[in-house]
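Structure, as structure tokens:
Each value in this text was obtained by applying a stated rule to the coordinates, not by laboratory testing. Being a predicted model, the structure only gives us computed values, none of them experimental. Here Cβ is always computed from backbone atoms with ideal geometry, including for glycine, and neighbour counts include all displayed protein chains.
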Amino acid sequence: MKISVIGTGKTGSKVVEMLGENLAYAFDESSPPTIEKLKESDAVIIFVPGDAVAEILPVVLESGIPAAWGSTGFSWPEDLENKVQKMETKWVLATNFSLGMNIIRNAIEAISAGSEILKDPIFKIHEVHHVNKKDAPSGTALSWKEWLDKDAEVTSEREGDVNGIHELKISTQTEEITLKHEALDRGLFAEGAIWAAEQLIKNQNLMNGIYTFGQLFDFITKNND
Ligand SMILES: NC(=O)c1ccc[n+]([C@@H]2O[C@H](COP(=O)([O-])OP(=O)(O)OC[C@H]3O[C@@H](n4cnc5c(N)ncnc54)[C@H](OP(=O)(O)O)[C@@H]3O)[C@@H](O)[C@H]2O)c1
């Protein structure tokens, strides 16, 4: 299978490296994607900053190929699902392509349900990323808050070259619980994005439309043995 990559910065370059001979084309700002070239690929993986998404969205859509989007800090249009369906293709939009993040999602949902018995719990989510990250809070921190489904203060810190640290703290007057995830190498996002693109290409049972990374992960691991 041949996969193209749009955005060859800190994360996209890891995808290019891992794809090796399965790479179709690598696009960036100086060599932007075209519909024709994308159509020669079985799927595309995108790691451009949120503020570049609007520009490349129509090209990716028109190409009609499956797309694994890693970009954060962009508000996806409401009619996107219809447009993807119309092109008869499959997309995954992931705020975090870490496979381990799916374990965290289950843990946060359990914490949310379990915290009902705590007396006056306070929920805090804190994230740390490298100084060049454009969006804050991170897309992942926002996903954690959504999974938690509680009032939670979300704070951000920008420091050095940190790949991504997320921490959830639940405190009461008498106890404290901390859940922490740290991305040690950006290769982990590349691994998850390639896995997702491969599923979009080869899984015949997957209907056309848009999936979150969690939905795709659950579909493959729970329904498709
Ligand atoms: N979902 C996840 O798991 C995950 C993980 C890590 C990062 N991210 C997100 O992925 C995005 C990229 O992060 P990064 O740290 O890899 O960024 P980065 O190092 O700044 O790289 C951005 C890349 O996008 C390219 N680009 C910018 N505008 C473009 C355009 N209009 N057309 C084509 N290419 C364009 C840049 O090309 P030039 O070099 O030519 O300017 C560069 O190659 C961010 O939104 C980040 O939050 C998501």
Exercise for the section: Pick out which of D42, D120, D149 has the largest mean-square fluctuation in a Gaussian network model of the chain, springs linking Cα atoms closer than 10 Å. Expected result: D120
Exercise for the section: Could you list E127, E62 in order of exposure, starting from the residue whose Cβ has the fewest other Cβ atoms within 10 Å? Expected result: E62, E127
Completion exercise
Given a Förster distance of 41 Å, the FRET efficiency implied by the Cβ-Cβ spacing of T172 and W76, rounded to the nearest 0.05, works out to 0.65
Fill in the blank from the handout: Of all DSSP beta bridges having both residues in the chain, the percent classed as antiparallel (nearest 5) is 35
Completion exercise
For the chain, the longest principal axis of the Cα atoms and the Cα long axis of helix 53-63 enclose an angle in degrees, to the nearest 10, of 50
Practice task
Counting only C-alpha contacts under 8 Å and six or more residues apart, can you give the relative contact order of the chain as a whole percent?
Solution key: 22
Practice task
Rank these for me by crowding, V44, V5, V128, going from fewest to most other beta carbons within 10 Å.
Solution key: V128, V44, V5
Handout entry: Under the Karplus curve 6.51 cos²θ - 1.76 cosθ + 1.60, θ = phi - 60°, whole-Hz ³J(HN,Hα) for the stretch 22-32, x wherever Gly or Pro sits
Key = 7, 6, 8, 9, 10, 10, 9, 5, 7, 9, x
Fill in the blank from the handout: In whole µm²/s, the translational diffusion coefficient that Stokes-Einstein assigns to the chain, given a Kirkwood hydrodynamic radius over C-alpha pairs, 37 °C and 0.692 mPa s, equals 179
Problem - Sites I117 and K222, calculated FRET efficiency, Cβ-Cβ separation with R0 25 Å, nearest 0.05 - result: 0.35
Handout entry: Rg [Å, one decimal], Dmax [Å, integer] - the stretch 101-182, C-alpha atoms
Key = 12.9, 40
Fill in the blank from the handout: Between D135 and residues 5 or more places away or on another chain, the pairs with built amide H atoms under 5 Å apart involve none
Completion exercise
With a 27 Å threshold on alpha-carbon distance, the violating pairs from K39/K86; K14/K37; K37/K90; K10/K222; K124/K222 are K10/K222; K124/K222
Problem - For K119, K133, K150, K90, order by how many other beta-carbon atoms lie within 10 Å, fewest first - result: K119, K150, K133, K90
Completion exercise
Here the stretch 85-94 yields Karplus 3J(HN,Hα) values (6.51, -1.76, 1.60; θ = phi - 60°; whole Hz; Gly and Pro given as x) of 4, 4, 7, 6, 9, 10, 10, 10, 10, 10
Problem - Cross-link reach list, lysines versus K119, counting only Cα pairs under 24 Å and skipping chain neighbours closer than eight places - result: K145, K150, K169, K180
